[in-house]
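What follows is calculated from the coordinates using simple rules that are stated; it is not laboratory data. Just so it is clear, the model here is predicted, and its values are computed rather than measured. Reconstructed Cβ throughout: ideal geometry from the backbone, glycine too, with neighbour counts over all protein chains shown.
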Amino acid sequence: MSESQRRFLPYAAFIGLGLIWGLSFLFFKLGVHDMSPTVLVFIRSASGAVALAAIMALSGRSLFGGRLRSRLIPFAIMAITNAVIPWVAIAWGERTISSGLASILNATTPLWVAIFIFWVIPAERPSLLNYTGVLIGIAGVVILVLPDIVTHGLSGNLVGALAVVVASMSYAVSAMYQRTRMRGWNVFEQSLGQLIASAVIVFPFAIPSLPAVHLAWLSMAAVLALGIGGSGIAYLLYYYTMNTLGPVRATGVTFIVPVTAVFWGVVLLQESLSLPTIVGMVVILFGIVLTNMRRRPAPRPEAAREKEAARV
C-alpha cells in the first residue's frame, strides 16, 4: 500500500461509517414494521455481538482475557445508556417520524454533550462559541418539530421526535461515563461487552413481544444488517477513525449521518424532503460545527519560548 493510500484509508473509513450509520435509520424504519422495539434491539445487539466476536476470533484477539467479571458493571451501564435506551427510543420514535428526521435529531448528541460536560468534566468545559453552537442547534430542532406542533399538537409525531431526542441525551450520558470511567480500555472488548450486556438486559423485555413478530424477510434482513453492519462493523470503523484521525475529527461523522440518512430515505423509501427538514438540518449542522470548535491554545510566555529555543 502506497503512502497516499495509507493516508486516505482513515477518511474512507470515515465516509463508510457515515453511510452505514445513515442507512441504520432506514433499517430501523423497516424493522419496526414487523417487530416491537425491544425485539429489534435484542436482535441487533445479539447479531452485532456475534459478528464482532467472529471478527475478534479471526484476527486472533483474545476475548476479555479474564477481565470480564471485573467489568460487568461498566459494560451494563454502557449497554443501558449507549444501546438499550437509545435504540428502543429510536425504534419506537421511528414508528411515527421519518428516518431522515430521526437521524437529524440523533445528530444533536454533541449538543447534549456540551451541556453535560460543563458539570461532569470541568477541565473540558466548552467555550462561549461552543455554547452558541448549542443554542443554534436547539433552534434547528425547534425548526424541525414546529410543523408537527402546528399539525398534530403535542402528540403524534412530536412524541416520536422527543423519543429520539431522549436517545440523543442517553448517548451523551454514555459518552460522559466512557470518558471518565473507561478511558484506555481495549476498544474491541468494550464494544463486544456492551453488545452482549445489552442483549442480556433487553431480552426479558422482548420475550412478551416475540409471539407478535412477523418473520418477513425484508424486516429480518434489515435488523440483521443493522446489527452486523450498524453495530459490529460500524464500531470497528468508528474506533479506527478515533485512533487515526483523533476524537474531534472522528466524532464529526455526526455531521454527515443526517445527510446520508435523508438521502437513503428519499431514494429507497420515497420519503418527502420538506423545506423545514432542509433548513433544520442546515441549522443543526452549523450548531454542531460551532459546538466542536476548540479553543486555541494560549500563547506561551516569551521566557518559555526563549528557554525552548535555548534547548535546540
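Quick notes on this structure:
- Pair VAL267, ARG125: separation of 7 Å Cα→Cβ label points (nm): 4.5
- For region 3-295, the spread of Cα positions along each principal axis, largest first, Å: 55, 53, 41
- Taking other C-beta atoms within 10 angstrom as a stand-in for reagent exposure, GLU189, GLU3 fall in the order GLU3, GLU189, fewest first.
- Under the span-like rule (Cα at least 27 Å along the axis, Kyte-Doolittle mean at least 1.0), DSSP H helices of the chain: 37-58, 128-152, 187-206
- Sequence-distant residues sharing a close amide H with LEU68 (under 5 Å, placed H): none
- Listed from fewest to most Cβ neighbours within 10 Å, the set THR96, THR38 follows the order THR96, THR38.
- Among LEU129, LEU245, the ranking by other beta carbons within 10 Å of each residue's beta carbon, starting with the fewest, stands as LEU129, LEU245.
- Each Cα pair under 8 Å and six or more residues apart adds its separation to the average, and for region 3-295 the resulting relative contact order is 43 percent.
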